[in-house]
Amino acid sequence: MLDPRVAAIDARLEGVRRIVAVTGGKGGIGKSVVSSALALASARAGHATGILDLDLTSPSDHVILGFPVGFPAEEFGIDPADHFGIRCMSIAHFAGDAPAPLRGGDVTNALLELLAITRWKELDLLVIDMPPGLGDAALDAMRLLKRAEYLVVAGASRLVLVSVRRTVRLMQEVGVPILGVVENMRRGDDDAVVGLAAQRGLPVLGALPFDDALEDALGDVEALAQTPTVRALGEALLPVLYPSAESRST
Ligand SMILES: Nc1ncnc2c1ncn2[C@@H]1O[C@H](COP(=O)(O)OP(=O)(O)OP(=O)(O)O)[C@@H](O)[C@H]1O
Ligand SMILES: [Mg+2]
């Protein structure tokens, strides 16, 4: 029998104009930093923005953006609390920073539940920090988020390139739309990521340098908004995500 929560998810996301899911083949490549920076840049530009941390085993967006975790307000669903203009939802609301060991069907259940209970209402953009890797959690999230467009975070290390290539191939084989690639922690003029993107027929939408200011700004939205990471990501991605808004202002 079809799980009724699957249909509920579509209804919950009805008022969301654009869903951008941030993914990448490798752990530690910067998915959470890119997700948080994108949500922040979008909110600062005046767009109604939400962020959903779907990394069930190691949620981090609440650490980066500094949103408090604790059981959110509930009434026929759960309202993501507004934090400096970003509506934030994370598995960390329920598990805190304690380990949440989930296996098998529990993973699917946790994802279904989180997506089915959250009331996003009207949003211009919902950023989703995707579960890492290509395990159950990532595959389930891809299946459940029917309208998501994917942003792939990559880096020039050969270790990263191998797993990013694998992830992109899988996504192209199952036919999910990929917006493009963001190179993170770019060093010098290494064009390996550009090469990989070209090989897979994808645009490189932006490149973020290694950002020395990032660590001290974690958890502090005002400081984060001034970092090269958030500025560069906003400049690269907002014109892509909001083309009409940009052309109006120029
Ligand atoms: N552009 C950058 N400059 C400097 N440090 C960065 C940058 N991007 C990410 N980092 C740092 O690299 C580490 C990994 O980043 P992050 O947690 O966003 O990766 P992730 O892909 O979400 O990892 P996971 O797969 O574990 O969820 C963090 O310590 C983060 O602060
Ligand atoms: Mg992460």
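Observations on the model:
- Qualifying residue in region 104-111 (condition: under 16 Å from the mean Cα position of the chain (by Cα) and either at pLDDT 85 or above or among the acidic types (Asp, Glu) (or both)): yes
- Any pair with Cβ under 7 angstrom, 6 or more apart, that starts in region 31-53 at a residue that is of a type in the set (Lys, Arg) and ends at one that is away from ligand 2 (no atom under 13 Å from the Cβ): 44/225
- Residue 53 being surrounded by fewer than 24 Cβ atoms within 10 Å (Cβ to Cβ), of a type in the set (Asp, Glu) and farther than 19 Å from residue 180 by Cβ: no
- Tally of residues being among the charged types (D, E, K, R) and within 19 Å of the chain's Cα centre (by Cα) across region 170-200: 1
- Candidate set: region 148-169, residues that are outside any helix (DSSP H, G or I) and over 14 Å from the mean Cα position of the chain (by Cα); chosen: the one nearest to residue 208 (Cα to Cα): 155
- Leading residue by the ranking (nearest to residue 184 (Cα to Cα)) among those in region 210-250 that are at pLDDT below 95 and touching a helix residue (DSSP H, G or I) at 6+ places or on another chain (Cβ under 9 Å): 246
- Yes/no for residue 222 being among the acidic types (Asp, Glu), in a helix (DSSP H, G or I) and more than 14 Å from ligand 1 (Cβ to nearest atom): yes
- Of all the residues in region 7-46, those that are more than 17 Å from residue 222 (Cα to Cα) and touching a Lys or Arg at 6+ places or on another chain (Cβ under 9 Å) number 12.
- Scanning region 27-71 for residues that are among the small types (Gly, Ala, Ser) and within 9 Å of ligand 1 (Cβ to nearest atom) turns up 27, 28, 30, 32, 35, 36, 37, 58, 60.
- In region 70-84, residue surrounded by the most Cβ atoms within 10 Å (Cβ to Cβ) [restricted to those that are closer than 16 Å to residue 117 by Cβ and under 18 Å from the mean Cα position of the chain (by Cα)]: 80
- Residue within region 125-137 that is part of a helix (DSSP H, G or I), over 15 Å from residue 6 (Cβ atoms) and touching a residue at least 12 places away in the same chain (Cβ under 8 Å) present: yes
- Residues located in region 145-174, provided they are surrounded by fewer than 20 Cβ atoms within 10 Å (Cβ to Cβ) and touching a Leu at 6+ places or on another chain (Cβ under 8 Å): 147, 149, 161, 165, 166, 170
- Any hit, region 56-71, residues being away from ligand 2 (no atom under 13 Å from the Cβ), closer than 28 Å to residue 164 by Cβ and polar (S, T, N, Q): no
- When 239, 209, 243 are checked against the criterion of being farther than 14 Å from residue 151 by Cα and touching an Asp or Glu at 6+ places or on another chain (Cβ under 6 Å), 239 stands alone in meeting it.
- Residue match in region 111-120 (condition: on the phi < 0 side of the Ramachandran plot and assigned to a loop (DSSP other than H, G, I, E, B)): yes
- Only a single criterion out of (1) surrounded by fewer than 18 Cβ atoms within 10 Å (Cβ to Cβ); (2) free of Cβ contacts under 8 Å to residues at least 60 places away in the same chain; (3) more than 16 Å from ligand 2 (Cβ to nearest atom) is not satisfied by residue 99, namely (3).
The values are calculated or read from the model by the stated rules, or taken from the named source; none is laboratory data. All figures in this text were calculated on a predicted structure; none of them were measured in a lab. Cβ sites come from the backbone with ideal geometry, for glycine too, and all protein chains shown count toward neighbours.
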